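Asker: This is the structure I want to talk about, given as structure tokens.
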Amino acid sequence: MKLITTALLGLLATGSLYAQDIDKIITPASVEKIERTLSGDEMRGRKVFTPDIERAADYIEAQFKKAGLKTWNGSDSYRQPFSMVKAGLKTVNATIDGQSINPSNLAILSTSPVLKIDENSGYTKAYIKAGSNLFAEVMHYFQEKSNYLVIVDTSFTAMFPRLSRMGSQQFKSDRNIVFLLTSNDPAHFSISLNQEVTESKLANVVGILPGKSKKTEYVIFSGHYDHLGVGKPDSKGDSIYNGANDDASGTTAVLLLAGYFAKKHNNERTLVFAAFTAEEIGEFGSQYFSSQFNPDSVSAMFNIEMIGTASKWGTNSAFITGYERSDMARILEKNLAGSPFRFYPDPYPDQQLFYRSDNASLAKRGVPAHTISTFPIDVDKHYHTTDDDISHLDMNNMSMIIKAIALSSTSIVNGKDTPARVDTTQLR
């Protein structure tokens, strides 16, 4: 009995020290310092292809260096560069079964300056039917290498413009995908595209904390650092889309988690901390990042997006997209047993959030990759507006969420728990 009591007291003491350490590292003040920098007016909304996002990347790199992280693949920079092809001014003409159609009913993914196709061009015809998961289907075709004409049911009219925006930026590729919004299945079609094409550089920012005994097994903590930039002044004269919640809050979490785990320095698995670019224009940063991994080597991914406000359940809570897709949520809950914090299933399944964030690319390949968020999408009025600034965020609650992510991930980071793989047959 004496031995058992001594051991128990030792565990309690260790747990107490663990909590004290994290309470000193992840604080409301440390959260605010990073959040205020990333979402400040000086960053001008961190839009891709501008000097503003480069300033944000410089800051994130400096934080990774300060934490003592290694660079990706031993490079001389924390930046993970890749190229994008931007389609500029374009002219689209299309007919189906002899009738002209509105170009707004087309989303064309092509990096060719000129494209002309018809029913004899050898394109595979495919369908996204009413009731399908639109974004899961779209992600599937993005990853295909063949040419497709994809008929999209008109029940997705409200969501379709997002496809057109995604089509304005692409990886350089020889394949073409045409999404056509229509209630008909055309026997004959003629589509022509002329566009200006330019190639530009972007970069994720990635830092590595090598593991001890399981170096080739990866646990990823991520968020996206790009946002919408500067637009027209609103009624208050504000033109900067600060993106404080979307997603400076998630990037803030990644930076603090990097500093915390670097100080703990007891991770058995290799930890990867990634700040993605180009989420707002189609999740391209995370797509490129994901392509660098053998998915079998990734044990788990914690993607963090919009944690700046209380969830629908109040403070000390967050939801996990794709909660039911793996047992990762149950592992996190086990590690938080006895604490006041709670993780919940995604309360907005109709929004298809599991497929709309940077976890999607790895989840599609079987990785237990989930997004953690508190965003009350049904009532929030600041999303993608100039009002998404730090004045609307709760630093105390953010610090609690980040600490909860750190503590709940402990057994995965230390290699004691391995979440079950996502069933990829259920993703479409």
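The values are calculated or read from the model by the stated rules, or taken from the named source; none is laboratory data. Treat the numbers as computed from the prediction; the structure is a model and nothing was measured. Please note: Cβ atoms are built from the backbone with ideal geometry, for glycine as well, and neighbour counts cover all protein chains shown.
Asker: Which residues, counting only those in the range 305-345, are assigned to a helix (DSSP H, G or I), among the basic types (Lys, Arg) and without any contact (Cβ under 8 Å) to a residue 40 or more places away in the chain?
Answerer: To start, the set of residues in the range 305-345 that are assigned to a helix (DSSP H, G or I) comprises 323-325, 328-335.
From what is left, the residues that are among the basic types (Lys, Arg) are 325, 330, 334.
Across the range 305-345, the qualifying residue is only Arg330.
Asker: Return a yes/no flag: does the range 401-409 have any residue that is hydroxyl-bearing (Ser, Thr, Tyr), touching a strand residue (DSSP E or B) at 6+ places or on another chain (Cβ under 9 Å) and assigned by TED's automatic domain parsing to the domain that holds Glu35.
Answerer: We begin by selecting, within the range 401-409, every residue hydroxyl-bearing (Ser, Thr, Tyr); these are 408-409.
Among the residues that remain, those that are also touching a strand residue (DSSP E or B) at 6+ places or on another chain (Cβ under 9 Å) are: 408-409.
Checking the rest, the ones that are also assigned by TED's automatic domain parsing to the domain that holds Glu35 come to 408-409.
For the range 401-409, residues hydroxyl-bearing (Ser, Thr, Tyr), touching a strand residue (DSSP E or B) at 6+ places or on another chain (Cβ under 9 Å) and assigned by TED's automatic domain parsing to the domain that holds Glu35: present.
Asker: Also, quick follow-up: Say whether the condition of being under 20 Å from Ala67 (Cβ atoms), touching a Ser or Thr at 6+ places or on another chain (Cβ under 7 Å) and buried (at least 22 other Cβ atoms within 10 Å of the Cβ) is met by at least one residue in the range 284-291. Step through it out loud before you land on a result.
Answerer: Here is the first cut: in the range 284-291, the ones under 20 Å from Ala67 (Cβ atoms) are 289.
Within this subset, residues satisfying the condition of being touching a Ser or Thr at 6+ places or on another chain (Cβ under 7 Å) are none.
Checked against the condition, which is being under 20 Å from Ala67 (Cβ atoms), touching a Ser or Thr at 6+ places or on another chain (Cβ under 7 Å) and buried (at least 22 other Cβ atoms within 10 Å of the Cβ), the range 284-291 yields no hits at all.
Asker: If you take the residues in the range 146-174 that are assigned to a helix (DSSP H, G or I) and hydroxyl-bearing (Ser, Thr, Tyr), which one is modelled with the lowest pLDDT? Walk me through it before giving the result.
Answerer: From the range 146-174, those assigned to a helix (DSSP H, G or I) are 154-156, 160-166; that's our starting set.
Still in the running and hydroxyl-bearing (Ser, Thr, Tyr): 154-155, 164.
Numbers: Thr154: 96, Ser155: 95, Ser164: 71.
Ranking the qualifying residues of the range 146-174, first place goes to Ser164.
Asker: To continue, here is another question. Kindly indicate whether Ser249 is at pLDDT 95 or above, under 29 Å from Pro368 (Cα atoms) and part of a helix (DSSP H, G or I).
Answerer: Yes; evaluated as a whole, the condition is true for this residue.
Asker: Is it true that some residue in the range 184-202 is β-branched (Val, Ile, Thr), within 30 Å of Ile128 (Cα to Cα) and at pLDDT 95 or above?
Answerer: Within the range 184-202 (the criterion being β-branched (Val, Ile, Thr), within 30 Å of Ile128 (Cα to Cα) and at pLDDT 95 or above), the answer is yes, since at least one residue qualifies.
Listed here are the residues, each with its yes/no results for (1) under 30 Å from Lys66 (Cα atoms); (2) among the hydroxyl-bearing types (Ser, Thr, Tyr).
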| position | (1), (2) |
| --- | --- |
| Asn176 | no, no |
| Thr182 | no, yes |
| Ala187 | no, no |
| Gln195 | no, no |
| Leu202 | yes, no |
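Asker: Do you know which residues across the range 346-362 are crowded, with 19+ Cβ neighbours inside 10 Å, at pLDDT below 95 and either not in a loop (DSSP other than H, G, I, E, B) or not assigned by TED's automatic domain parsing to the domain that holds Tyr218 (or both)?
Answerer: The answer is Leu353, Phe354, Tyr355, Ala360, Ser361.
Asker: If a residue has to be exposed (fewer than 11 other Cβ atoms within 10 Å of the Cβ) and part of a strand (DSSP E or B) to count, how many in the range 80-98 make the cut? Walk me through how you get there before you give the answer.
Answerer: Taking the range 80-98 as the starting set, the residues that turn out to be exposed (fewer than 11 other Cβ atoms within 10 Å of the Cβ) are 88-89, 91, 98.
Next, from what is left, pick out any that are part of a strand (DSSP E or B): 88-89, 91.
Count: 3.
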